[in-house]
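See structure below.
Bear in mind that the values in this text are calculations on the coordinates, not laboratory data. The structure presented is a predicted model; accordingly, all values stated were derived computationally and were not measured. Counting neighbours? That spans all protein chains shown, and the Cβs are built from the backbone with ideal geometry, glycine included.
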Amino acid sequence: MNFKNLGILITAGTLLFNTNLSAETEKECFEKLSRGIFEFNQVVDKAVLKPIAKGYSKLPEPIKNGTGNFTSNLATLLTVPNHLLQGQWRSAGESTASFLINSTIGILGFANPAEKLGLKNQQEDVGQTLGAYGVGGGCYFVLPILGPTTIRDTVGMVADTLVDPFAQITLREKEILSISGSKIDYFSVMGASAVDFRADNIKNLESLEKNSLDMYAAIKSLYLQNRAKKISNTFTSDDDEWNEFNK
Amino acid sequence: MKRFLSALVIFLITTISTNSFAYNTDPKLFVEELVDDAIKTLSNKSISKADKNKKIEEIALANVDIDALGMYTLGDVRKTLDENNLKKYKTLFEKYFLKSLTSRLTDYSSQKFEVLSADQKSDNYNIVSSRIVESASQPEIKIDWRIYTKDPSKPLIRDLIVEGLSLAKTQKEEFASILNSNNNDINILFSKLEEFINN
């Protein structure tokens, strides 16, 4: 991992997209194109991801739980440096302990004994770190296959591969502590993670689609709300927005 | 005697229909009793789907602040609408909301629900925390209920916040997107709402 590169990236990001943190962007980069890509992603989802997720959801619970635990344990490798970059020392300690316990006692992360010990493993990424530094979203758009994002989160996604030791070993094929991997390992884990997430949300997305007047706008709103929540690490329900309607 | 019996019948019908959706005024118990009632209704095999939907709609009309929710969801456009359009919007929104709510509740009615705690944010609001318990098909879902308590004897639901994501805000941004893409033409929103209601 190269902290110097990351420092440059964060500084550049801050200068480029410095806006008020609380103002999660609603501005679109290129809405027409994004809507087209969104439609394409919906087709791909219905043809590929959803059927796989449906099949996956029929697997025995231990396999599904094991897959979810394994992928989220690997994601901890990205979480720890981001906790450190945000000055969240306690969370960094808890995530490190969680990773060590789950990777050993938890048999390479397939089990999650750390959770039973009360160790929280909240996932963090560079996009969230940039957000915590005050970098605004920039504008919103949709990427093919990868889905909703903002300029900040796209920069963060690229930076994730610099910060994440797992991505360094697999995607960038660097050897760390005599551990090596390949791009196939990286994309297999990302794929498994996507299927696991999709399987967990089959009902939620079906319900959302059925009840939405504009699915694109609903997903955009949910994405931006979710990112704002993850950046602030709290949920603050805003009473002020409702006060106007108090009778 | 006939008049007395008629009066008695009217009194009984009124009393029953008023009290059947009068839940506890403590926000935590209010949510607990309301959801319990809704789940029992949806899982009752002895009543028809139409009757189930009707009862859910009655529960919602009595316990959700649909008027405030509709105005919040419409955003700033509400300030520019004339009385007729505002009236039309309120009517359409209520129908849309009730259909959408019934559909969503039906989707989740088979799952176990628990109310965890209530947090009084101000004199006007309580946030009641709850969860849909993890099942084979779905992980745990945390749901916070924004309860409007200005009149403590009549708590009203204003928003559901699912895993930290506000459904009212999502709805508001959906409507805003439709309006923004169509030069704030309220008739386009009306036709989208009508399309949903009639499908």
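Quick one: which of B:Lys54, B:Lys40, B:Lys88 is touching a residue at least 12 places away in the same chain (Cβ under 8 Å) and assigned to a helix (DSSP H, G or I)?
Numbers: B:Lys54 fails: touching a residue at least 12 places away in the same chain (Cβ under 8 Å); B:Lys40 fails: touching a residue at least 12 places away in the same chain (Cβ under 8 Å).
The unique qualifying residue is B:Lys88.
Quick check on the range B:107-122: of everything there that is in a strand (DSSP E or B) and surrounded by fewer than 18 Cβ atoms within 10 Å (Cβ to Cβ), which residue is farthest from the other protein chains (Cβ to nearest Cβ)? Outline the logic, then answer.
Start the filter on the range B:107-122 by keeping residues that are in a strand (DSSP E or B), which leaves B:113-120.
After this cut, where a residue has to be surrounded by fewer than 18 Cβ atoms within 10 Å (Cβ to Cβ) as well, the list is B:114, B:116-117, B:119-120.
Details: B:Glu114: 18, B:Leu116: 14, B:Ser117: 14, B:Asp119: 10, B:Gln120: 12 Å.
Across the range B:107-122, the extreme among qualifying residues is B:Glu114.
Does B:Arg104 satisfy the criteria of being facing another protein chain (nearest Cβ under 8 Å), within 30 Å of A:Leu59 (Cβ to Cβ) and either out of contact with any Cys (no Cβ under 9 Å at 6 or more places or on another chain) or assigned to a helix (DSSP H, G or I) (or both)? Full working, then the answer.
Details: facing another protein chain (nearest Cβ under 8 Å): yes; within 30 Å of A:Leu59 (Cβ to Cβ): yes; either out of contact with any Cys (no Cβ under 9 Å at 6 or more places or on another chain) or assigned to a helix (DSSP H, G or I) (or both): yes.
Criteria met by B:Arg104.
Which of the residues spanning the range A:129-149 are under 20 Å from A:Leu222 (Cβ atoms) and among the β-branched types (Val, Ile, Thr)? Spell out how you get there, then give the answer.
Step one: of the range A:129-149, the residues under 20 Å from A:Leu222 (Cβ atoms) are A:131, A:136-149.
A:Val142, A:Ile145, A:Thr149 - these are the residues of the range A:129-149 that are under 20 Å from A:Leu222 (Cβ atoms) and among the β-branched types (Val, Ile, Thr).
Looking for whichever is closer than 29 Å to B:Ser100 by Cβ and of a type outside the set (S, T, N, Q) here; the options are A:Arg172, A:Arg152, A:Arg198. Which one fits?
Details: A:Arg172 fails: closer than 29 Å to B:Ser100 by Cβ; A:Arg152 fails: closer than 29 Å to B:Ser100 by Cβ.
Being closer than 29 Å to B:Ser100 by Cβ and of a type outside the set (S, T, N, Q) holds for just one of A:Arg172, A:Arg152, A:Arg198, which is A:Arg198.
Is the range B:123-140 home to any residue that is under 30 Å from A:Asn65 (Cα atoms), in contact with a Leu (Cβ under 8 Å, 6 or more places away or on another chain) and part of a loop (DSSP other than H, G, I, E, B)?
No: the range B:123-140 contains no residue that is under 30 Å from A:Asn65 (Cα atoms), in contact with a Leu (Cβ under 8 Å, 6 or more places away or on another chain) and part of a loop (DSSP other than H, G, I, E, B).
Give the residues of the range B:138-166 that are over 16 Å from B:Asn63 (Cβ atoms) and more than 9 Å from every other protein chain (Cβ to nearest Cβ), sorted by residue number. Lay out the reasoning, then the answer.
Here is the first cut: in the range B:138-166, the residues over 16 Å from B:Asn63 (Cβ atoms) are B:138-142, B:144, B:161-166.
Within the range B:138-166, B:Glu140, B:Lys142 qualify.
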